[in-house]
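Enquirer: Dropping a structure here in C-alpha cells format, bear with me for questions.
The values are calculated or read from the model by the stated rules, or taken from the named source; none is laboratory data. All values reported here derive from a predicted model rather than from experimental measurement. As a convention, Cβ positions derive from the backbone with ideal geometry for all residues, glycine included, and neighbour counts pool all protein chains shown.
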Amino acid sequence: MPASVAEVLFLVGAGALASLIGSAGGITSLISYPALLAVGLAPLQANIANAVALVGSGVGSTLGARPELRGHWRTLLRLAVPSVAGGTVGAALLLLTSADLFAWIVPFLIALASSLLLVQPKISTWRQRRHRSENPALALAGMFVVSIYGGYFGAGAGVLTLALLLVLVDQDLPRANAFKNVVLASADVITAVVFVLAGQVVWGVVIPVAVGAMVGGALGPAVVRRVPTRILRIAAALAGFGLSIWLLVSFKIL
C-alpha cells in the first residue's frame, strides 16, 4: 500500500497541499488525514501515518521560515521542551488507549482555538491596556497540554498552537506561525519515533506524503509573508470550524 502509481502521486500531491496550507497557518490534517483514509487506511492507521509523514512538513517549513526565526532560537528551545514532552505523552496514550476516547471533545477544542484566532487582536489589546507582562510559565504549560493532544490525535493541533502563541508569546502572525511550525515539528519527531519503535507505521503511504509535505512546507512561509495577516487569521479560523464540523459528523456526534 499504496497499490498504484496513481495513489502514490495522489498522496504526494495531498502531502504537498496539506503542508502548504498548514505551514501557512491553516490545518494540515484537513487534507492529509482524509487522503490517507481515501487510500484504504483504517482511522487509527491513518492517524499514525499522518503524524509520521508530517515530520517532512516541519523540516520544510523550518527551512522556509529562517528569516522569521533568526534571533529567536532561545525562545524556540524553551517552547520545544514542553512540546516534545507533551508529544511523547500523547503518542503513548494513543498506543495504550482507544482512539475514540477523546473523540467527543476534539471538535470543540478545535472550534475554541478557531474562535481564539478570530478574537486574538482584541485579547492582545486587552492585555496591553492592562500592562500584562508575558507569562512564560503559562505559555509552557499550555504548550505541553496542546502537544499531548497533538501526539494523541493531531488534527487541529496547529490551530491550537497558533492561537496559544499569538495570545501568550508573540503577536506578530508570521513570526508566531513560524514558531508554531518549529515547535510542532519538534513534537512530531518524537511522536514519529514512538510510532516507529512500536512498529505501527505503514511506510508505503508515509513516504509519498512526507515527500510532498517537505515541498509544501518549504513554500508555506513565503505565502505568509505575502498575504495580509487578517486574511490568514480568518482563513485559518474558518478551516478550523470546518474541521470541527467534519469531525462532529465523522464521529457521529451530530
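Enquirer: So Met214 ticks every box in (1) modelled with pLDDT under 80; (2) within 23 Å of Ser147 (Cα to Cα) but one. Which box is left unticked?
Expert: (1)
Enquirer: Here is a list of conditions, (1) closer than 22 Å to Val55 by Cα; (2) among the β-branched types (Val, Ile, Thr); (3) free of Cβ contacts under 8 Å to residues at least 40 places away in the same chain, and Val202 meets all of them except one; can you say which number that is?
Expert: Result: Val202 passes all but (3).
Enquirer: Same structure again: Considering only region 35-59, how many residues are over 14 Å from Trp203 (Cβ atoms) and touching a residue at least 40 places away in the same chain (Cβ under 8 Å)?
Expert: Here the count works out to 8.
Enquirer: Listed residues Ala218, Ala236; which is part of a helix (DSSP H, G or I), surrounded by fewer than 23 Cβ atoms within 10 Å (Cβ to Cβ) and among the small types (Gly, Ala, Ser)?
Expert: Within the list Ala218, Ala236, the selection yields Ala218.
Enquirer: Out of the residues in region 1-16 that are in contact with a helix residue (DSSP H, G or I) (Cβ under 7 Å, 6 or more places away or on another chain) and at pLDDT below 85, which is farthest from Val227 (Cα to Cα)?
Expert: Only one residue fits best here, namely Met1.
Enquirer: Please verify whether Gly199 is assigned to a helix (DSSP H, G or I) and small (Gly, Ala, Ser), treating the condition exactly as stated. Can you show your working first?
Expert: On the way: assigned to a helix (DSSP H, G or I): no; small (Gly, Ala, Ser): yes.
The answer is no for Gly199.
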